[in-house]
Each structure stands twice: as C-alpha cells, then as structure tokens.
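Asks: Here it is, the structure in full.
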Amino acid sequence: MADVFRHADYVTGGPAVGIVPAEHDGRIRAHSHDFHEIVYVVDGFTLHQAGGVITLLVAGDLFFVRPGEEHSYINAYQTKLYNLIFEESELGSFLPELSALPGLDVMFGTRGKGTEAEGQSIRLLHVPMNERRNIESALREIEGEREARRVGWETSLKIRLAAFLLRYSRMYAEEWDNRAPAADDYYGYVYRILAYVDTHYSENITMNDLSAELGLSPDYMARKFKSALRMTPSEYVRKFRIARAMELLVTTDLPVAEVAKRTGFSDVSLFSRVFKQSVGLPPASYRKNAGEWE
C-alpha cells in the first residue's frame, strides 16, 4: 500500500501552507498526500508517474498533485524540487473565485470530468526562462514567511499562496487556453524538440535531424534549447535515453542488451559506460538496487 503523507508532517503551527525543498536521486516510491502539492523542478531531471502516465520532468517544469492521488518519481537524477503544500481551506473567501480560473479549475476539480484537461499532461507547465526567477522568488518568500514568523505572517502566507495560484493560472492560460506561440519562442522551438525526442529516442538522433525538424541552423537551434533547459540538445537526448533505460530496468525483465537497443544505444558496452557515468551504477547493479527499494 502506498504511503500517505500528512501536512502536519511538514508544517506545524499557523496555516497549512509551506514549502518543502527536496533533492531526489533514484526511485521515490508511490505515495499520496492529504494536501494539495505544487511541484517546481529547479534542476535535474526525473521520470514522474501519476494516473498511469509517465512524464519526463526537467528544470523549469511546474505541475500539481491533488489530495489522495498516488504519484512517484521512477528514477530521479540529481533532481532539486520546491514542493508547495497547502490545504485549500486556507484560501478562505479567495477559493470560489480562484477555482473558476483557468488551470485552477482543473487543480480544484471544478472543471467537468472526462475532458481533455483531466489528462496528466494538461497539468504540466513549462515555465518560460523570463518567469523562472519570479517563480523561485515567490516560493522562497513563502518559505521565508514561515521561517521568520514576523507580525502578520499567517495572513501573509495565505495572501502569497493566493498570489502564486493566480500566477499559475495566468501561465496556464498562456500555455494551454490561449496558445498561439510565436515562431521563435520556447514552445515554437524547444517544445517541438522535446516532442521529437520523445518519439524518436530509440533511433539515431543527430543535431542535423533536430535542426531540420525545426528549419533552423544547428548552432541557433542549440543556443535556443540551452537557454531554456540549461543543457544542450545532445545532453537532453542522452539524459532522456538514460531515464527511459532506468524505467525499463525497474519495470521489466528485459536483458540489458535489449534495454540498450530500445533506448537508442547500438552498442551495449557504450550503453553500460554512459549509464554508469550518469547514474553511478552499472545497469545490472541499478536494477538490483531498485528492486531492493520496492
């Protein structure tokens, strides 16, 4: 049975609103909470599973998990997170208006069931580079209010929570509800690379393939990508393949050679070497250790 975490395990005294910084490596077993959780990925990458859907998360990603929903990090790699946890009752009179806003209607379950928005992918926001500093600053300010506990900190926590949710809704509207990306923005280029890698990672992907997909020069394409994700396209492809390999090693009994083949490595020796450099263990040892974590 999955663990259930209580907000009282993380925040005591005052409103049920707080920031829980976390650093994950390896597998974080399935669990649920009795509170809402908004997760912001500061650095690293991880495969995240919720509702039967597996998603690769990288720096700049923002998503939420509702109370009672099980989720897990299948194979986090040097992943740094800010977890904003709260009970919706702390929003008080703000709740009805906030829960009607784009994205927050999904978060609080007021949008009709069975719509496309109920899928896991609709919860994931890729925060633009020019907004990431603001997001991290807002989360640190919430954390600082609880730590300092100056006069009026309880009220400040609730106001800052409402303001953060409003910021989330505006980003959600720009990304999903009013999506009309310009030709040179994050979604026009970088998001298409992510989608291409997700589909073709088992193939021999070259930088020329990616640049041709976008109609850009390789150098310009690489600069745009690195400015958004803090890594080169080649690094992302390698990390994505290793993340998928980690998943296959944990969830299947496939031989290591087959795992290598399915994740785009034509040579099992190269795969083993790259895997150990990335994860710190050879594939077989990682599989054995992951089994012991269950």
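The values are calculated or read from the model by the stated rules, or taken from the named source; none is laboratory data. No experiment lies behind these values; they were computed from the predicted model shown. So basically every Cβ, Gly included, is an ideal-geometry build from the backbone, and we count neighbours across all protein chains shown.
Asks: Assess whether Gly119 counts as being of a type in the set (Gly, Ala, Ser), within 18 Å of Ile38 (Cα to Cα) and either modelled with pLDDT of 95 or more or outside the structural domain of Glu90 (by TED's automatic domain parsing) (or both).
Replies: no
Asks: For residues in the stretch 70-116 being surrounded by fewer than 20 Cβ atoms within 10 Å (Cβ to Cβ), touching a strand residue (DSSP E or B) at 6+ places or on another chain (Cβ under 9 Å) and over 27 Å from Gly144 (Cβ atoms), which is modelled with the highest pLDDT?
Replies: Filtering first and then ranking leaves Glu70.
Asks: Just one of Asp219, Asp198 is in contact with a strand residue (DSSP E or B) (Cβ under 8 Å, 6 or more places away or on another chain) and loosely packed, with under 15 Cβ neighbours inside 10 Å; which is it?
Replies: Unique residue meeting the criteria: Asp198.
Asks: Taking the criterion of being of a type in the set (D, E, K, R), buried (at least 16 other Cβ atoms within 10 Å of the Cβ) and closer than 30 Å to Glu235 by Cα, would at least one residue in the stretch 30-48 satisfy it?
Replies: Yes - at least one qualifying residue is present in the stretch 30-48.
Asks: Applying the selection to the stretch 67-91, what residues are in contact with a helix residue (DSSP H, G or I) (Cβ under 7 Å, 6 or more places away or on another chain) and more than 30 Å from Ser278 (Cβ to Cβ)?
Replies: Answer for the stretch 67-91, where residues must be in contact with a helix residue (DSSP H, G or I) (Cβ under 7 Å, 6 or more places away or on another chain) and more than 30 Å from Ser278 (Cβ to Cβ): Ile85, Phe86, Glu87, Glu88, Glu90, Leu91.
Asks: Please specify each residue of the stretch 13-28 satisfying the condition of being touching a Leu at 6+ places or on another chain (Cβ under 6 Å) and outside any strand (DSSP E or B).
Replies: Of everything in the stretch 13-28, just one residue is touching a Leu at 6+ places or on another chain (Cβ under 6 Å) and outside any strand (DSSP E or B), namely Pro15.
Asks: Return the total of residues in the stretch 249-289 being modelled with pLDDT under 90 and buried (at least 19 other Cβ atoms within 10 Å of the Cβ).
Replies: 5
Asks: Mind checking which pairs have a first residue in the stretch 13-25 that is touching a residue at least 24 places away in the same chain (Cβ under 8 Å) and a second that is surrounded by 15 or more Cβ atoms within 10 Å (Cβ to Cβ) and assigned to a loop (DSSP other than H, G, I, E, B), Cβ under 6 Å, 6 or more apart or different chains?
Replies: Partner pairs satisfying both residue conditions: Ala16/Glu87; Gly18/Tyr10; Gly18/Val11; Val20/Tyr10.
Asks: Are any residues in the stretch 12-27 closer than 19 Å to Glu88 by Cβ, surrounded by fewer than 20 Cβ atoms within 10 Å (Cβ to Cβ) and either under 23 Å from the mean Cα position of the chain (by Cα) or charged (D, E, K, R) (or both), and if so, which ones?
Replies: Val20
Asks: To continue, here is another question. Report yes if some residue within the stretch 217-224 is more than 20 Å from the chain's Cα centre (by Cα), part of a loop (DSSP other than H, G, I, E, B), over 26 Å from Val41 (Cα atoms) and touching a residue at least 40 places away in the same chain (Cβ under 8 Å); otherwise report no.
Replies: no
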